1. Distance between Cα centroids, segment 104-143 to segment 2-64: provide it in whole Å.
2. Compute the accessible area per residue over segment 158-203, keeping the other protein chains in place, probe 1.4 Å, unit Å².
3. Which ³J(HN,Hα) values in Hz, rounded to whole numbers, follow from the phi angles of segment 13-19 under the Karplus curve 6.51 cos²θ - 1.76 cosθ + 1.60, where θ = phi - 60° and Gly and Pro get x?
4. Would you mind calculating the relative contact order of the chain from Cα pairs under 8 angstrom and at least 6 residues apart, reporting the percent as a whole number?
5. Please report the net charge: other residues with Cβ closer than 12 Å to the Cβ of Ile87, K and R +1, D and E -1.
6. For segment 158-203, divide the Cα radius of gyration by the Kirkwood radius and give the resulting Rg/Rh value with two decimals.
7. Given a Förster radius of 35 Å and the C-beta distance between Phe208 and Arg68 as r, what FRET efficiency does 1/(1 + (r/R0)^6) yield to the nearest 0.05?
8. Using the beta-carbon distance between Thr153 and His10 and R0 = 22 Å, what value does 1/(1 + (r/R0)^6) give for FRET efficiency, to the nearest 0.05?
Amino acid sequence: MTSPDTEAEHVEATNLLYRDPELYDMVQSDSTGAGMCRTLVELHRPGARTLADFGCGTGRDLEILAKRFECIGVDLQPGLVDHAHRIRPWLDIRTGDMRTVRLGRRTDVVACLGNSLAYVHDNDEIDQVFATFAAHAQPGTLLVLCSPIAPTTRTGPATARVDTPRGPATVTVRHEWDLRTQIDTMHRHWVLPSGDEARDEIRRRVLFPRELERYAQGAGFEVLDMLDGAGAWAGLTGPTAYTVARDTR
Ligand SMILES: C[S@@+](CC[C@H](N)C(=O)[O-])C[C@H]1O[C@@H](n2cnc3c(N)ncnc32)[C@H](O)[C@@H]1O
């Protein structure tokens, strides 16, 4: 296993947005993850009071969830955590590696949103992450995940305009699927408001539904439901899904 510091540097280097947390918050302003998480908790464990979010980034979901739960968040990247402390100082967010971190508390909800689980690629390390979820859970705890369950089917390049604090940028995105490793790589080519160009490459491990069930069961969680990433309540279409599971130990 790579050390948390090396892994943090590696993850930061792969994504332009991680090197500019203000831009990250602006581009990732969608609050579907927090909304879906809350809806699933109200459905399956309405009495929940406490929540831990692993891979919380800048804490944008936690800011919303903290209106309903007593929250704690953990992220690998010190740059994102420092940014969270500056702009959301009321949140309890710590630097830590979800493969190994132990916060010394158990919560009613354990969450891992916004595809954070997919940044862990190795099977044994995924086991470690689920052991972390279990170490922060107790009987009845709900585990809520948002993660890729299938490769992206549209592989050809698509260009979009992105508003940034310094003006409009364009980003051209292309996906590449490696079946052997189950890693979906998103190649991005940015043209920034300054005219400068940048490229980044985000590698996400896909865990198909049956695999997710297996990892969850291995850590003592029973999967209750899987729902489409777009929030649809009927059928799974991928590529992203919400998984809700309960600690049955
Ligand atoms: C796409 S971001 C999602 C962040 C946040 N959940 C959101 O939706 O805004 C993925 C996050 O996972 C974090 N991450 C990746 N590997 C991690 C690890 N081993 N431990 C903790 N966080 C990790 C990254 O630092 C990054 O902030």
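1. Taking the Cα centre of segment 2-64 as reference, the centre of segment 104-143 is 13 Å away.
2. Numbers: 2760 Å² over 46 residues.
The answer is 60 Å² per residue.
3. 5, 7, 9, 3, 5, 5, 7
4. Numbers: 515 pairs, mean separation 44.2, N = 249.
Relative contact order, the chain: 18 percent.
5. -1
6. Values: Rg = 12.6 Å, Rh = 11.5 Å.
When Rh is taken as the Kirkwood radius, the ratio is 1.10.
7. Efficiency, rounded to the nearest 0.05: 0.65.
8. Details: r = 28 Å, r/R0 = 1.26.
E(calc), rounded to 0.05, equals 0.20.
The values are calculated or read from the model by the stated rules, or taken from the named source; none is laboratory data. Note that the coordinates shown come from a computational prediction; the quantities given were computed from them, not determined experimentally. Note that each Cβ is placed from the backbone with ideal geometry, even for glycine, and that neighbours are counted across all protein chains shown. Areas reflect the complete protein model, heavy atoms only, side chains present, ligands, DNA and RNA absent. Shrake-Rupley method; radii C 1.70, N 1.55, O 1.52, S 1.80 Å.
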